[in-house]
1. Given the rotation relating A and B, tell me which residue in A puts its Cβ closest to the axis and the distance in Å.
2. Suppose only helical runs count, i.e. DSSP H with n ≥ 4. What mean residue ellipticity at 222 nm does that imply for chain C under -39500 (n - 2.57) per run, divided by all residues and rounded to the nearest 500 deg cm²/dmol?
3. Tell me which GluC sites (Glu not before Pro) from region C:237-289 have a DSSP coil assignment and no more than 12 other beta carbons within 10 Å of their own.
4. What are the label-to-label distances in nm, one decimal and shortest first, from residue D:96 to the same spot in the other copies, with labels 7 Å along Cα to Cβ?
5. Quick one: with label points 7 Å out along Cα→Cβ, list the inter-copy distances for residue A:194 in nm, shortest first?
6. For region C:59-213, what relative contact order do you get, as a whole percent, if you take Cα pairs closer than 8 Å and at least 6 residues apart?
7. How long are the semi-axes of the ellipsoid equivalent to chain D, from square roots of 5 times the Cα gyration tensor eigenvalues, in whole Å, largest first?
8. Going 7 Å from Cα along the Cα-Cβ axis for the label, what nanometre distances separate residue A:313 from the same residue across the other copies?
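Taken together, the values in this text are just the output of simple stated rules run on the coordinates, not laboratory data. Since this is a predicted model, take the numbers as computed values, not measurements. Because the Cβ atoms are built from the backbone with ideal geometry, glycine has one as well, and the counts that use them run over all protein chains shown.
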There are 4 protein chains.
Amino acid sequence: MSTVESPVKLQAVDAPDQPDRTPQLEELYRGFESELLVPLWTEIGDLMPFSPVSNAVAHRWRWKHLVALAEQAGDLVPVGRGGERRAIALANPGLGGRPFATPTLWAAIQYLNPREDAPVHRHTQHAFRFVVEGEGVWTVVDGDPVGMRRGDFLPQAGWHWHGHHNLSTSPMAWIDGLDIPFARYVESTFFEFGPDEVESREAPEYSRAERLWAHPGLRPLTNVQPTPNSPLLAYRWEYTNRALDEQLALEDEGYTATIEPGHAAIRYVNPTTGGDVMRTLRAEFHRLARDTRTATRREAGSSVFQVFDGTGRITVGDTTWDVERGDLFVVPSWQPLTAETEDGIDLFRFSDAPILERLGMDRAEIEGNAQ
Amino acid sequence: MSTVESPVKLQAVDAPDQPDRTPQLEELYRGFESELLVPLWTEIGDLMPFSPVSNAVAHRWRWKHLVALAEQAGDLVPVGRGGERRAIALANPGLGGRPFATPTLWAAIQYLNPREDAPVHRHTQHAFRFVVEGEGVWTVVDGDPVGMRRGDFLPQAGWHWHGHHNLSTSPMAWIDGLDIPFARYVESTFFEFGPDEVESREAPEYSRAERLWAHPGLRPLTNVQPTPNSPLLAYRWEYTNRALDEQLALEDEGYTATIEPGHAAIRYVNPTTGGDVMRTLRAEFHRLARDTRTATRREAGSSVFQVFDGTGRITVGDTTWDVERGDLFVVPSWQPLTAETEDGIDLFRFSDAPILERLGMDRAEIEGNAQ
Amino acid sequence: MSTVESPVKLQAVDAPDQPDRTPQLEELYRGFESELLVPLWTEIGDLMPFSPVSNAVAHRWRWKHLVALAEQAGDLVPVGRGGERRAIALANPGLGGRPFATPTLWAAIQYLNPREDAPVHRHTQHAFRFVVEGEGVWTVVDGDPVGMRRGDFLPQAGWHWHGHHNLSTSPMAWIDGLDIPFARYVESTFFEFGPDEVESREAPEYSRAERLWAHPGLRPLTNVQPTPNSPLLAYRWEYTNRALDEQLALEDEGYTATIEPGHAAIRYVNPTTGGDVMRTLRAEFHRLARDTRTATRREAGSSVFQVFDGTGRITVGDTTWDVERGDLFVVPSWQPLTAETEDGIDLFRFSDAPILERLGMDRAEIEGNAQ
Amino acid sequence: MSTVESPVKLQAVDAPDQPDRTPQLEELYRGFESELLVPLWTEIGDLMPFSPVSNAVAHRWRWKHLVALAEQAGDLVPVGRGGERRAIALANPGLGGRPFATPTLWAAIQYLNPREDAPVHRHTQHAFRFVVEGEGVWTVVDGDPVGMRRGDFLPQAGWHWHGHHNLSTSPMAWIDGLDIPFARYVESTFFEFGPDEVESREAPEYSRAERLWAHPGLRPLTNVQPTPNSPLLAYRWEYTNRALDEQLALEDEGYTATIEPGHAAIRYVNPTTGGDVMRTLRAEFHRLARDTRTATRREAGSSVFQVFDGTGRITVGDTTWDVERGDLFVVPSWQPLTAETEDGIDLFRFSDAPILERLGMDRAEIEGNAQ
């Protein structure tokens, strides 16, 4: 979908003229209520606005506050069957206190003490982990141990068995992203318990999934049919970092490689299709070079960002924050976003874009121009 | 998705054991609250149930009550710019009084007096009309007048200009189905006003869209690329009726043509792809022969049915209703559905199945057996 | 592929300068020959021309001559196991006497006397029948009897059992189209004998395939997955004729419906995908109104046409023929085609376009302008 | 296509019984000839065999002989505009002396002396280079210099400008693979001359295409739409070698990673789709560990192999050869292939499989069992 609303329109079909509240009309409305009916003409402004009006609000969470609370939870709250994970979720202030970063997305800090296990389970919700600092935890996915280290992106497609365990002598915290709110909303959620402990205590540097799949442009002949979600269980920082460096270097040499001046970006993709890493979640990594300011862009659908490194200033709608390593912020649907930096900044991002794109509901604008 | 949950599991991860509410824990929870955080371990039972637990409830609306209220609205509420349509929506009792038949679907009765116009607009939401009785209204879609008659299914893909007008001397009521709740939820909704009156007062029996597209297996060479939504603006009753009759006749002759004994069914499809008529909405028509009882089936995702003709008895979960012409009922996600009839029954159905299927979230069971 | 060659280029890399034929070079060339090698530099003009140079030539076959010879064959040549069919194929004069209408396409007249059976077999080659006159033969496809009548297009996707039998008291002749030359060329051809007689002598007006599938925009719920070839076994003349009439009527009323003035056209499609009726063959029907002249168009890939009705004048490259009912002609790759008519003309066409399109090798020009 | 022919069938519908050659029949056949017609019943055995009968024959070419002849050509035949390339093609002995390795595939040794340029051109045929030994040549593709080194696979999708130049002080020879015979056959071939010299004399270790695309699972955001052919211009040996090593190591550790015991294999893929690197050509690399013997397998469609390293014994149908580094051999359609090795062997392979698969014409058997 690329057609664009006219910019001069009102922001919503606000308060259409209503018929006079005569006794007959009141009686009609009582009739509606008793028959479990609601008229369109009183609701249309909320239901069918001229352009998206998000329930969510732009908000930033400070990483240092999250880590401090997670550490306290590490002392007070055990990890085990039933509660399943020591995960603490962002609750968007516009969404009624529910643990939803945006209407569709879940984002949480997860925390594991040394030698702790988070028990094995599986669920239809898609998930990933992104590591902003630390190492020492392995996630065992269908028996394949996947080490987690700073900068790694670790997708976890739905309905695979997985548990975490911390093999190091330090606690470790990382970010979990899932489509929990969306799956809850469309009411298609399945869940099963697995063993209380992970199947393997091995701690290889690279998972078997990587050994089979992390070779650029090469596909094992054992598996030549596309799969809807990525079979690659770890996207290592060394590759992400190099890809972004190369884009900026190519730009310096005079070639088209970045999406705008000083702004390198990659998308994590499913190597069997070239498309999004999971069916409902998009994940990207953006790098702004020193003294870069992005264009202002807005999109239908919502995103969560985490600052991986550097510092910058983020503007979403009328709100501006300074951000630093680990800070998270959400961009609600159709809110304009601008990022700027003096020292350079690295940003991890995930969003619900695959949901909107697969259903033809995506739309975007750059500073008033359709894209 | 076809794997099946184990039938002996609990219906939800209900009330996992919680850590003791010590003063420190209370303080931690206050800390979460002040930082806009929510832990997983207190919420997991609601967020990640073993299988879908719908907020919506099964409910039936009586057509005669809907029509009576719509007639009163016809007397009291004008149709015009702002309110846009004299449409009265089903409000599922589980969904907090909002005009949502199910979490994703809107279903309303729309009513137009003789000589009335519903003004032209367009919106990104997908819509359709289904006519259980009456005729005389034409919908003008991008200038193409489409007559509406009993049994017709009239899709209205997003972002096309359309208005209605009643050319007859009788009022007319019909059913509107849309993806309004879903579009509102994912916050991708665009809307524009058009002229206050329809562009054409012509009243041809068949629209231009039908003259181009309603020829089985034939495609105009002017348009050989697939379009995501159907270019065919009317699916006439004569074809639907004949297709269902033929399925039952073939079954009588000993051939496989029905989906189970005595149960004929068609899906309305986009002739340019063979897939669902619109990207977010599925529409089907089911005919049960005399003395037929369907298998009990449940599906992730929700549906709305309208009785087109005949009578029967519908069971959804623990609820059973007798239904007759025009009655509407909703089937929430994962609720088992059985239909039975003595005299035969014709059922129109629409659902959010394309949303779930495109995202790999569909799942179904027949009487405890996976499908 | 839509980029266009520059029109001023030579027609072929003709006779590149060759190195002097010194004794050493002669010895080198003998060395190539003894090692089964051929240099590029002597062959490039033939192998890699600037634009397609077809081996096939434009040619017209007169229907009356074909029918006369087929009748004689009906007297002299029995139909039975081994020879399989009394089919007589067009042999393009540029293709060395082989029974190939074009490099990729087979086109033949098939002839069956009253009460004759053509035995049951199946093959991976895709086939169809098109009936320019007569009736009385039924093709039994996997047990489903399909009557053949003037104007009908009857696809026969690969690897389905089929036999023909003539139930009438008159002989019947029709056109068979297949991808035999292409399948032979890529060397993927499988064939099996079935029974010597058809499984059913029933003669219903409509096949079971039509009763299930010939309803515009409606799909039986028994079969909701796409199939690569059409499940619809007969595309009846009444629908084709009506679709073409409507296009010309819409054009008269001022709407876009034809591909150029006076030129209506439909493609026969697979209702489960909206795409070509079979994976290797495209089939279309074109109607030119009185006093119409088409634009001159050329395409990569080859076509065979049959005049269904009316008269006209066809120009292919430097050749022009008058044509009338039943006449067949071939259009080789990249040869410009123009058709004109005074009284109106109906043309059936089939081509290898799906092969080229699926491989990204299609290209077309209209009167020197790329399309 | 996976159904399998019955193994007891004859190899062809050989010599069906023919009607007696009476004078009338002779006259009929003369009538056919004069009207450019050929009957099916005399040709069916050749046209529609029970299973594929290839015109091509299995053959091996010795690398040392190819190199010797190429060196002589390097002395005697200049490279320049018109002849375009000093390429010497395999001419399958079954294909009438034409420079076709198989009916669909071209395979040639190309040879460039120090400081020589092969001029810039573009063509719709898809091509690749594979380097069995040497280095020092750069191919400049749309201005992007791509170094060629032992073990590298370098795809060259159709209609991109490209020239080669040798920057080293040694000659270099490599293998070119193209779909020339197929493109010639379907008669869709376009060709254009570019400059006589390459646009850039730069000699970077990695092309810009690699710097953008050779990062596993990462996609530049500048280019998020799929392209039908790979944007990655070099698949380096270090990655291929590592991928194969890992498969064999995983097999040793007890995991499924190889396609059969001791047999590792990868396919070169388009990172934007996960599918074949070019629309008409498949390329793979196979590694057999010491003392390995493959299953016997046959496939519809044809292949060309080159030994990259090691030694082995290849059996195709009734023919067996010993092979060593650089040797090439062809496997015609439906001929059974077995490879065995004592010391281990590395095999590069390319084939026309994408053509057959996209058209549903692929079929394979392993030792009499369908696959």
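1. Output: A:358, 2.
2. Counting only the DSSP helices, I get -5000 deg cm²/dmol.
3. Numbers: sites: C:238, C:246, C:251, C:253, C:284; in loops: C:253.
When the GluC sites (Glu not before Pro) of region C:237-289 are filtered for loop state and at most 12 Cβ neighbours within 10 Å, C:253 remain.
4. Reported distances to equivalent positions: 0.2, 7.6, 7.6 nm.
5. 4.9, 5.0, 5.3
6. On the way: 351 pairs, mean separation 41.9, N = 155.
Over region C:59-213, the number comes to 27 percent.
7. For chain D, the semi-axes come out at 37, 27, 21 Å.
8. Spelled out, the distances from residue A:313's label point are 7.2, 7.7, 7.7 nm.
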